[in-house]
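Okay, so here's the structure we're looking at.
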Amino acid sequence: MVVISDIIVQGVQMLLVLLLAPLLTGYVRKIKARLVRRQGASVFQPYRDLLRLLRKEVVLADNASWLFRVTPYITFAAIWVAAALVPTFATGLLFNWTADLIAIVALLGSARFFLALAGMDVGTSFGGIGSSREVMIAALAEPAMLLIVFCLALVAGSTQLSTVSHFLASSYVGLRVSLGMALVALFMVAIAENARIPVDNPATHLELTMVHEAMILEYSGRHLAMIELGAFLKLLLYVSLIACVFFPWQIALYGGGALSYTIGAGAYIVKLALAGFLLALFETATAKMRVFRVPQFLGAAFMLGLLGTLLLFVSRSF
Amino acid sequence: MQSLAFDISHTLAGGLVLISLMMLYQDRLYSLLNVFALHALVLSLSVAWQAFIQDAPHLYVTAVIALVFKAIVIPVALHRIVKQLGIHRDIESAVGIGPTMLAGMGLVALSLVLMLRVTSDADPLAREDLAFALSVVLLGLLVMVTRRNAVSQVVGFMSLENGLVLAATGAKGMPLVVEISVAFSILIAFIVIGIFLFRIRERFDSVDVSALDDFRGERR
């Protein structure tokens with residue numbers, strides 16, 4: 001019986017992330033449009049886009065290999081699994097016991113690896129430029145991400161997200177400057193990984209600036225829908241990661257009843273709305289930086305993670 | 001209470017190290033001066049917190065001195081100097097920002113390793129303050145080494161002195177007379193440096209210290 005209810009809750013979580021992801025993106029777009037005093041499309045526009053893309057025919061280049069065709073499904077699957085592992089409204093779900101932070105980083109990394117390969121597969125120049133830029137950003141963002149993971153693991157004594165979230169929700173934590181640094185660094189990494197504005201602008205098709213868009217330019221139809229949905233899921237994943245690690249308030253604990261799950265879900269949606277609003281505010285307030293400035297931006301994230309880890313050694317040293 | 005007091009002083013001292021690293025990251029002169037003012041502000045907060053938990057009222061005087069002179073008077077004066085000299089506002093660094101940041105991280109790690117080893121049987125609060133103070137001092141030196149503009153070298157010198165004050169307050173307070181004399185000697189040093197800046201500017205039409213090398217005949 002317990003197993004069945006566990007499976008149900010886990011299934012709810014998987015469906016929840018899948019259903020909420022386009023909504024979050026649509027919401028961020030809407031807020032951004034409102035902030036620059038435009039009307040903006042409806043918050044449900046991403047769903048309509050996905051449905052339209054699913055109905056359309058797939059146009060493939062003549063020299064596209066099998067890799068090009070399977071990549072959308074591989075990336076989508078990897079990101080969905082990663083998103084299902086992050087505790088959103090409750091800790092201690094069925095799959096959460098495998099939810100190692102390093103595993104999540106690895107899943108996202110492999111999704112990105114296949115996408116970069118597919119970008120180069122057809123052999124157009126845009127795909128190549130997009131892949132090379134994406135890999136440059138990834139090579140800088142991943143060490144920063146791993147240092148953040150180490151910093152959290154040193155505080156909580158585990159790299160397992162459920163345990164970390166559990167520990168940080170308790171009152172043993174106190175005031176830690178390292179956690180503040182890790183939060184800022186994780187925010188910077190999330191911006192770079194999701195191709196948000198200071199690093200990349202997914203709304204343009206200008207060859208000087210595009211990174212992520214250039215890589216997926218050759219995709220169409222249901223393949224493009226899969227990739228877009230993966231991108232939406234990834235944004236949701238990072239937001240829930242920040243929410244569950246740094247703001248784990250009202251998250252339901254393992255074995256809580258239906259009531260605590262409902263409260264957890266409500267709190268989660270409030271957190272998502274707040275995070276989306278802050279993201280939109282940040283994006284309208286900053287300008288896109290040059291591609292050559294990105295290493296400095298991510299270097300600062302790396303430095304914050306490293307400094308946070310070093311400072312932990314001082315506070316632990318007695 | 002004890003652990004919360006430690007956490008707050010840890011946060012303030014760690015923030016000071018972070019702001020020192022931010023100083024290395026800046027590439028505009030005015031933003032460097034603003035970051036320096038922030039550095040002094042956090043220093044005075046940290047000193048005031050130490051005064052509170054050590055129950056040492058004379059440290060409040062130190063905090064006020066740091067706040068008035070370092071966070072307000074010196075940055076404002078430097079702003080005016082930059083405006084009067086008409087220096088162009090980009091900082092020319094001798095080494096690129098990336099390697100500088102890496103060197104800065106290395107120095108922080110070095111000072112932590114050294115200080116935590118050496119002071120293994122001291123009070124944890126003093127230990128942590130000493131470790132952070134040493135890294136602030138080393139980062140100030142790094143700012144002075146990697147910048148070619150004389151104004152930013154002055155800023156590096158001042159932030160180095162902030163590290164000294166942090167070390168002094170962590171070590172169970174130092175006598176007020178010493179404190180005041182250090183503060184005033186820094187002020188005098190600042191005035192002397194200011195006069196020198198104007199002299200360098202008069203003679204070489206720039207505050208880039210590499211012009212001095214040419215003058216001495218040491219061409220690179």
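The numbers here are math on the coordinates, done by the rules we state, and not lab data. The structure displayed is predicted, hence computed values, not measured ones. No Cβ is skipped: glycine too gets one built from the backbone with ideal geometry, and neighbour counts run over all protein chains shown.
Treat each spin label as a single point 7 Å out from the Cα along the C-beta direction, and report the residue A:77 to residue A:5 distance in nm.
3.2 nm
Just to be sure I understand the model, the point goes 7 Å from the Cα along the line to the Cβ. What's the resulting residue B:126 to residue A:270 distance in nm?
About 4.7 nm separates the two model spin labels.
Using every pair of alpha-carbon atoms in segment A:137-217, split the distances into 10 Å bins beginning at 0 and state the percent of pairs per bin, rounded to integers.
17, 38, 24, 16, 6
For segment B:15-158, what is the Kirkwood hydrodynamic radius in Å, using each pair of distinct C-alpha atoms? Display every interim value, and only then the final one.
Numbers: mean 1/r = 0.0624 Å⁻¹.
Hydrodynamic radius (Kirkwood, Cα pairs) of segment B:15-158 is 16.0 Å.
List B:72, A:129 from most exposed to least, where exposure is judged by having the fewest other Cβ atoms within 10 Å. Each step should come with its number before you reach the end.
Working: B:72 13, A:129 18.
With the fewest neighbours first, B:72, A:129 line up as B:72, A:129.
So what's the back-of-envelope 222 nm ellipticity for chain A, counting only DSSP H runs of four-plus at -39500 (n - 2.57) apiece and dividing by all residues, rounded to 500? Write out the running numbers ahead of the final one.
On the way: 11 runs with 225 residues, N = 318.
Mean residue ellipticity at 222 nm (helix-derived): -24500 deg cm²/dmol.
Using the Kirkwood radius built from alpha carbon pairs, what does the Stokes-Einstein equation give as D for the protein assembly as shown at 4 °C and 1.567 mPa s, in µm² per second? Let's see the in-between values first.
Values: Rh = 25.8 Å.
In µm²/s, the coefficient is 50.
Just to confirm my numbers, what's the Cα centroid distance between segment B:82-144 and segment A:168-206 in Å?
Result: 25 Å between the Cα centres.
Segment A:1-134: D in µm²/s via Stokes-Einstein (Kirkwood Rh, Cα pairs, 4 °C, 1.567 mPa s)?
Numbers: Rh = 17.6 Å.
It comes out at roughly 74 µm²/s.
Please list, by residue number, everything in segment A:75-119 whose backbone N is under 19 Å from a paramagnetic label point 7 Å out along Cα→Cβ of residue A:262.
Those under the cut-off are A:89-91.
Which ³J(HN,Hα) values in Hz, rounded to whole numbers, follow from the phi angles of segment A:238-253 under the Karplus curve 6.51 cos²θ - 1.76 cosθ + 1.60, where θ = phi - 60° and Gly and Pro get x?
Taking θ as phi minus 60°, the curve returns 5, 5, 5, 4, 4, 5, 7, 8, 9, 10, x, 6, 6, 6, 6, 8 Hz for segment A:238-253.
Compute for segment A:196-267: radius of gyration divided by Kirkwood radius, i.e. Rg/Rh, restricted to C-alpha atoms, rounded to two decimals.
Looking at segment A:196-267, the ratio lands at 1.18.
Chymotrypsin sites (Phe, Trp or Tyr not before Pro), restricted to segment A:121-225: which are DSSP loop and have at most 11 other Cβ atoms within 10 Å?
Numbers: sites: A:126, A:150, A:167, A:172, A:187, A:219; in loops: A:172, A:219.
In loop regions of segment A:121-225 (DSSP not H, G, I, E or B), the sparsely surrounded chymotrypsin sites (Phe, Trp or Tyr not before Pro) are A:172.
What whole number of Å gives the distance from the Cα centroid of segment A:207-282 to the Cα centroid of segment A:100-128?
19 Å
Along the Cα→Cβ direction, 7 angstrom out, place labels at residue A:173 and residue B:164. What is the inter-label distance in nm?
Calculated label separation equals 4.0 nm.
Taking only Cα atoms, what is the 0 to 90° angle, nearest 10, from helix A:101-121's long axis to the longest principal axis of chain A?
That helix lies at roughly 0 degrees to the long axis.
If you add up the charges near residue A:287, with Lys and Arg at +1 and Asp and Glu at -1, over every other residue whose beta carbon is less than 15 angstrom from its beta carbon, what do you get?
Working: positive: A:32, A:196, A:288, A:290, A:293; negative: A:200, A:283.
Local charge sum for residue A:287: +3.
Using the alpha-carbon atoms, what tilt in degrees (0 to 90, nearest 10) does helix A:258-285 show relative to the longest principal axis of chain A?
50 degrees
With viscosity set to 1.002 mPa s and temperature to 20 °C, compute the Stokes-Einstein D of segment B:62-128, Rh being the Kirkwood radius across alpha carbon pairs; µm²/s, no decimals. Could you put the intermediate results ahead of the total?
Values: Rh = 15.9 Å.
For these conditions, the coefficient is 135 µm²/s.
For helix B:29-54, what angle does its Cα long axis make with the longest principal axis of chain B, in degrees from 0 to 90 and rounded to 10?
Rounded to the nearest ten degrees, it is 20.
What ranking of A:14, A:215 emerges when the number of other C-beta atoms within 10 Å of each C-beta is taken as an exposure proxy, fewest first?
Numbers: A:14 18, A:215 28.
In order of increasing Cβ crowding within 10 Å: A:14, A:215.
Limiting things to C-alpha atoms, what are the Rg and the maximum Cα-Cα separation (Dmax) for segment B:71-220, in angstroms?
So, for segment B:71-220, Rg and Dmax equal 17.8, 54 Å respectively.
Per 20 Å bin from zero, what fraction in whole % of the C-alpha pairs of chain A is there, up to the bin with the longest pair?
With 20 Å bins starting at 0, P(r) equals 32, 59, 9, 0.
Stick to Cα atoms and the Kirkwood definition of Rh, then tell me Rg/Rh for segment A:90-168.
Working: Rg = 16.2 Å, Rh = 14.2 Å.
When Rh is taken as the Kirkwood radius, the ratio is 1.14.
Estimate the FRET efficiency between residue B:94 and residue B:72 by the formula 1/(1 + (r/R0)^6), using the beta-carbon distance for r and 35 Å for R0, to the nearest 0.05.
Numbers: r = 30 Å, r/R0 = 0.86.
It comes to 0.70.
Taking neighbour counts of Cβ atoms within 10 Å as a proxy for exposure, in what order, fewest first, do A:205, B:79 appear? Can you show the working numbers first?
Details: A:205 12, B:79 15.
Ordered from fewest to most neighbouring Cβ atoms within 10 Å, A:205, B:79 come out as A:205, B:79.
Looking at chain A, which longest stretch skips every one of the GluC sites (Glu not before Pro) that is in a DSSP loop with at most 14 other Cβ atoms within 10 Å, leaving the sites themselves out? Walk me through the numbers on the way to the answer.
Values: sites that count: A:57, A:207.
Between exposed loop sites, the widest span is A:58-206.
Suppose every Lys and Arg Cβ carries +1 and every Asp and Glu Cβ carries -1, with no other charges. What dipole size does segment A:36-76 come out with about its Cα centre, to the nearest 20 debye?
Numbers: 7 positive and 3 negative charges, 67 e Å.
For segment A:36-76, the charge dipole is close to 320 debye.
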